[in-house]
Amino acid sequence: MAAHKTQTLTSLGQWSIQRIGSIFQAASDDEALKAVEAAFAPEVTATMNGIDIKLEDIKDQALNLRRSSKKGLTVTWKSLVEAPSDPFNREGWVGGSYVIEGVTKCTPEQPHGVEFVRRKIVTAK
């Protein structure tokens, strides 16, 4: 029997940049949902604003942000720190901040919408 070789990732940070970008910058909602499923485990343990959320909640939030955009979203990372715990960069911690630009929000003063930036801070293991 052949030994299974573990593929080395370039880094946890690069993996995070690629996965988060693929969610918000996907060409379609279907591709975005597939990107969420590729980035997060089905039994993900996550919190948002101190409230426990599940994978379906992450999907809903991603779709809501995407659908609010009139011209598409862009993701720009502002900081990123990683601490791999194995030589293949498949385990460890990642923390950072990024902004999502292109989000549109309607208000009584701006019924056609005004564009704003959504800021995110994340830590993941």
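For this structure, a couple of remarks:
- Just one of the numbered conditions (1) at pLDDT 95 or above; (2) assigned to a strand (DSSP E or B); (3) open to solvent by 40 Å² or more (accessible area, probe 1.4 Å) is not true of Val75: (3).
- Taking (1) of a type in the set (Val, Ile, Thr); (2) modelled with pLDDT of 90 or more; (3) open to solvent by 100 Å² or more (accessible area, probe 1.4 Å) in turn, Thr123 satisfies each apart from (2).
- Segment 72-95 residues that are on the phi > 0 side of the Ramachandran plot, paired with ones that are assigned to a strand (DSSP E or B) (beta carbon under 6 Å, 6 or more apart): Gly72/Gly102; Gly92/Ala83; Gly92/Pro84
- Verdict on Ala41 being of a type outside the set (D, E, K, R) and either part of a strand (DSSP E or B) or at pLDDT 85 or above (or both): yes
- Residue count for segment 56-71, restricted to those that are in a helix (DSSP H, G or I), over 22 Å from Gln14 (Cα atoms) and in contact (Cβ under 8 Å) with a residue 12 or more places away in the chain: 6
- Of all residues in segment 4-38 being open to solvent by 100 Å² or more (accessible area, probe 1.4 Å) and part of a loop (DSSP other than H, G, I, E, B), the one that is modelled with the highest pLDDT: Thr10
The values are calculated or read from the model by the stated rules, or taken from the named source; none is laboratory data. Predicted, not measured: the structure shown is a model, and the values here were computed from it. Positions of Cβ are generated from backbone atoms using ideal geometry, with glycine treated the same way; all protein chains shown enter the neighbour counts. In case anyone asks, the SASA skips ligands and DNA or RNA and just uses the protein heavy atoms, side chains included. Shrake-Rupley method; radii C 1.70, N 1.55, O 1.52, S 1.80 Å.
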